[in-house]
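What follows is a single structure, written as structure tokens, with notes after it.
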Amino acid sequence: MEIISRHQLLTISIIYQIGTTIIFGFASGAGRDSWLAVLISTCLGTAVVWIYTRITHFNPGLTYIECYPAQFGKLLGTPIAWLHPLLFLYISGRIVADIKNLVPTTILPGTPPWVILLFFMLVISYGLFAGIEVMGKLTEIILPIILLIYLIEVILIFSSGVVHFDNLSPLLDKGWGRIWEVVWPLGIIQSFGESLALALVWTLMNERKRVGRTMIISSLFAGLFIAFTDALAVAVYGEEIFKRATYPMYALIQAISVSDFITQLDATGVIYFCFMAFLKTYIYLFATIRSIQKLTYSNSSRVFIFPVVLIALFMGLTMAPNVVEHIAVVQKVIPYNPIYLSLMIVFPVLLFLVSWIRNKSGTAAS
Amino acid sequence: MVQKIQLEHNYDYILSGNVTEDLNQFKTIFDNCIDIKFREFDIHGARKGALVFLSGMVNMQTIDFEIMKPLIESDERLFQESAAELNDSDIQNIIENRLLFSSQLSWFEDFPDIIEHVLSGNVAFLLDGLQQVLVINAKDWEKRTVEEPATEAVIRGPREGFQETISTNISLIRRRLKTPQLKMEDMKVGRLSNTQIVITYLEGIVDTKLVDEVKNRIGKIKIDAILESGYVEELIEDNSFSLFPQVLITERPDRVVGNLLEGKVGIIIDNTPFVIIVPGTFFQLLQSPEDYYQRYFVASAIRMLRFFAVLFSLLLPSLYIALTTYHQEMIPTMLLISIAASRETVPFPAFIEALVMEIAFESLREAGVRLPRPVGQAVSIVGGLVIGQAAVEAGIVSSPLVIVVSMTGIASFIFPSFQLGLAFRLLRFPMMIAAATFGLYGILMMLLLLLIHVLRLKSFGVPYLTPMAPLRISGLKDVIVRASWLKQSTHTGELKSQRHQNPFNRLRQRQNK
């Protein structure tokens, strides 16, 4: 049995929650108020994450997926539970497609996308065979490095003389409307609602009681990190460019230019993104495999690795014909998709209430 | 526990008590072994005696003056007068206590035991009427003096290194730890070589489970002969399908002792100056014993320099390839122009260019090890000049690449552990291939593969990257920097004992009591 430490869960969650927003930006629809929107999403999102952790707390010994059949009964719970691996698989396919869209257009223009993705999936499969414990240790080493590089990047941006804080004001000149638009539901689903996949990791932690606290710390940290980066991007580019850019954060790195010597660091930004995407895909596929293993009562999860990886690879290659369509789906389809909303918010809240009441009456009875 | 010798054929010889008969049995066993000598003699015409020994492994002076002389010159009455009344144990008593001047002697009656002792340089003494053989220690053979180790030179620190004789090596360790807590356990490995292996540890500091595991793994070794510690290393390590050395190999007694104090186990093997220390972790392989002898600010700076060396030796050529092939925009413009100018005449892509140079450099290095000393210098001068200067002038490689390759070369010499340096030398090549195919993306993916592999490694249950992953903040004091002895109260690593080799810690504990 693999066990990860509290610190490892923390580092996995932080990297996972910051994730691909490091390139795509977060709540860019809110323009110069985006950082505020991020903070609001963080507060609400942390509450959602807290609900997830309570559910696993009320059902000790069960993974999140198994709580549905346990609480709702086999007939109703099992189909709902089966929706989760499908959702995880779909999202991992989306991240793979992100790689497919970003890497060839930015740093490897001549290389066919499928070769790039094949290499990517190969490394992920090796990681899946190695197990979550190894991944915990990996993030433990890499998170400090990422934060250090980020710090250097921020210093470089400031020393490039492109930061204009005037771009951030006036605050709220267009009212709260556009803030709420990005906060609900996309702001909550992104990063925080997606932490659902991490729920499959929680049961593997050595101090089960501290899962909740760890997750809240990581959510708040990731939220602050994203809010700061958003504010910085607006300060550098102004509202209009920030709103229109496909990859606002990628543009942020391009702004670095120190005395004609340190310039054009785009490639490092893509490298960042690739690592974040790597970990996110890894966690999603891990969650998929683990849920399938739990739902089919299999002893070994290894048999599922290759099929699942191949499906994700195939989905990534065929998901969207072009970048515009791919990005548009995030903004126009996903927030209003019933599956996303119900799996990430409605069902967890119901499950939380049911477990809570059962737990209370159970303890009262005994 | 001394393992019984495993003989090829079954010796069902039994000591008869008659010297002539027994000697014949020995002669049949040691048939065609010219290095075995037999010496028969009479003691006052009363009893026959004989010595069996291996010439070249015994001290002749000892035999002549401390065994033969007292026996032959002994008081006649001892054997003659009351010979009839003397029983075996009386005779043994007389020989042990009144005749021989040897501190190490013991009686054996089984042939395999006696043969083993004779083969390891002891003298066997046979006496008429006794069904036992006296084994006397007179070991003495040609050996190297204790010299400065060739592979782990230090500027400040003891200049003693191990040599090939195990007893000397043991004494070098014992001299540094004068405590009964230092244990040395004996094992024999190798069906034909019967190599002596000594497991050493500090009782009370080491985790006893670790000692048992080491003994267990060494006990399981089935091999004909052990010629070097590399055999043992390969047979006891956790994951032999890996480039990374998972044990620490050293020629320095002070380094062994330093590690014993941290709760590790040393494995000393006869006939080699290289001692194995387990468990071995990555960061430990990056440390030199000198770190602990120099001022700690300097030592810390040198340690950080080593981390850069690791990155350099692994990544520099592949970064050169990736940047010049795929991401030229990242290179500052002026530098890019000068690189482009020097690459203008080069007909090869950067990858081929770098590959040729790296292979040339590696060959040069390997040749330097094998060549006889006087020639070696000539080769390195010629090689360096030809590869450096002429290749650039001929337009085969560009001069920035020569800088890259030589910096990589220098970086890989900074590794305190030669074995780890070898691993990185080899890993450079897949890295270069990945960089040539996928640019920075390829480097990232290869790094992830590498990290996953390294993170899976364990050495005797200890994760290879301890204390970095799993993280142990207190352990980092002795990894990234070398904190002052005053500040190091706990010790690195996953090992059970939490005590570092700290002189002040002991005092503190005592005061607390």
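Which distance in nm do the two modelled labels at B:Ile381 and B:Gln328 give, with both placed 7 Å along the Cα-to-Cβ direction?
Computed distance between label sites B:Ile381 and B:Gln328 equals 4.1 nm.
Tell me the Kirkwood radius of region A:6-344: reciprocal of the mean inverse pair distance over distinct alpha-carbon atoms, in Å. Before the final figure, lay out each step's value.
Working: mean 1/r = 0.0487 Å⁻¹.
20.5 Å is the Kirkwood radius here.
To make sure I understand, if each residue's beta carbon is the centre and we count other beta carbons within 10 Å, what order do A:Ser218, B:Ser300 fall in, fewest to most?
Working: A:Ser218 24, B:Ser300 17.
The most exposed by this proxy come first: B:Ser300, A:Ser218.
I'd like the FRET efficiency for A:Arg210 and A:Trp356, computed as 1/(1 + (r/R0)^6) with the beta carbon distance as r and R0 of 30 Å, rounded to 0.05.
On the way: r = 20 Å, r/R0 = 0.66.
The value I calculate is 0.90.
So which trypsin sites (Lys or Arg not before Pro) in region B:196-273 pass both tests, a DSSP loop state and at most 13 other Cβ atoms within 10 Å of the Cβ? Could you put the intermediate results ahead of the total?
Numbers: sites: B:Lys209, B:Lys215, B:Arg217, B:Lys220, B:Lys222, B:Arg255, B:Lys264; in loops: B:Lys220, B:Lys222, B:Lys264.
Those that pass, being in a loop and sparsely packed, are B:Lys220, B:Lys222.
Mind checking the alpha-carbon convex hull of region B:317-463 and giving the volume per residue in Å³?
On the way: hull volume 18.1 nm³, N = 147.
Expressed per residue, the convex hull around the Cα atoms of region B:317-463 is 123 Å³.
Based on the mean of other Cβ atoms within 10 Å per residue, sort peptides A:118-126, B:25-33 so the most packed one is first. The partial results should precede the final answer.
Numbers: A:118-126: 19.1, B:25-33: 13.2.
Output ranking for A:118-126, B:25-33: A:118-126, B:25-33.
Can you give the mean number of other chain Cβ atoms that lie within 10 Å of the Cβ atoms in peptide B:444-457?
The mean count of partner-chain Cβ atoms within 10 Å per residue comes to 6.
Once you average over the residues of B:124-137, how many Cβ atoms of partner chains fall within 10 Å of each Cβ?
On the way: counts 0, 0, 0, 0, 0, 0, 0, 0, 0, 0, 0, 0, 0, 0.
Whole-number average of other-chain Cβ neighbours for B:124-137 is 0.
In nanometres, what is the gap between the two model label sites at B:Lys143 and A:Ala328, each 7 Å from Cα along Cα-to-Cβ?
8.3
With the cut-off at 46 Å, report for the protein assembly as shown the share of all Cα pairs above it, as a whole percent. All intermediate terms of the calculation are to be shown ahead of the outcome.
Values: 169890 of 385881 pairs.
Pairs farther apart than 46 Å: 44 percent.
What is the fewest-to-most order of A:Asp230, B:Asp478, B:Asp35 by other Cβ atoms lying within 10 Å of their Cβ?
So the ranking, lowest neighbour count to highest, is B:Asp35, B:Asp478, A:Asp230.
Which order results if A:Met249, B:Met68, B:Met187 are arranged by neighbouring Cβ count within 10 Å, fewest first?
Numbers: A:Met249 24, B:Met68 16, B:Met187 19.
Ranked by crowding around the Cβ, least crowded first: B:Met68, B:Met187, A:Met249.
Pick out, in residue order, every one of the trypsin sites (Lys or Arg not before Pro) in region B:290-372 that is DSSP loop and has at most 14 other C-beta atoms within 10 Å; say none if there are none. Could you put the intermediate results ahead of the total?
Details: sites: B:Arg295, B:Arg303, B:Arg306, B:Arg343, B:Arg365, B:Arg370; in loops: B:Arg295.
Taking region B:290-372 and a limit of 14 other Cβ atoms within 10 Å, the loop trypsin sites (Lys or Arg not before Pro) found are B:Arg295.
Taking 8 Å as the Cα distance limit and 6 or more residues as the minimum spacing, I'd like the relative contact order of chain A as a percentage. Before the final figure, lay out the partial values.
Numbers: 489 pairs, mean separation 147.6, N = 366.
Computed value for chain A: 40 percent relative contact order.
I need the P(r) histogram for region B:345-409: all alpha carbon pairs, bin width 5 Å from 0 out to the longest distance, whole percents.
Spelled out per bin, shortest first, that is 3, 18, 29, 24, 14, 8, 3, 1.
What residues qualify as long-range amide H neighbours of B:Arg482, i.e. H under 5 Å apart, gap of 5 or more or another chain, H built at 1.01 Å from N?
It is B:Ser300, by chain and number.
Cα extents of region B:166-280 along the three principal axes, largest first, in whole Å?
Extents along the principal axes: 35, 27, 23 Å.
For region B:95-133, which chymotrypsin sites (Phe, Trp or Tyr not before Pro) pass both filters: DSSP loop (anything but H, G, I, E, B) and at most 12 other C-beta atoms within 10 Å?
Working: sites: B:Phe101, B:Trp107, B:Phe108, B:Phe125; in loops: B:Phe101.
Qualifying residues, ordered by number: B:Phe101.
Roughly how crowded by other chains is peptide A:132-143, in terms of the mean Cβ count from those chains within 10 Å of each of its Cβ atoms?
Values: counts 0, 4, 9, 2, 4, 13, 7, 1, 6, 7, 4, 0.
What the average comes to for A:132-143 is 5.
Sticking with the crude label model, points 7 Å out along Cα→Cβ, report the distance from A:Ser300 to B:Ser474 in nm, one decimal please.
4.1
Values in this text are rule-based calculations from the coordinates and carry no lab data. Treat the numbers as computed from the prediction; the structure is a model and nothing was measured. Please note: Cβ atoms are built from the backbone with ideal geometry, for glycine as well, and neighbour counts cover all protein chains shown.
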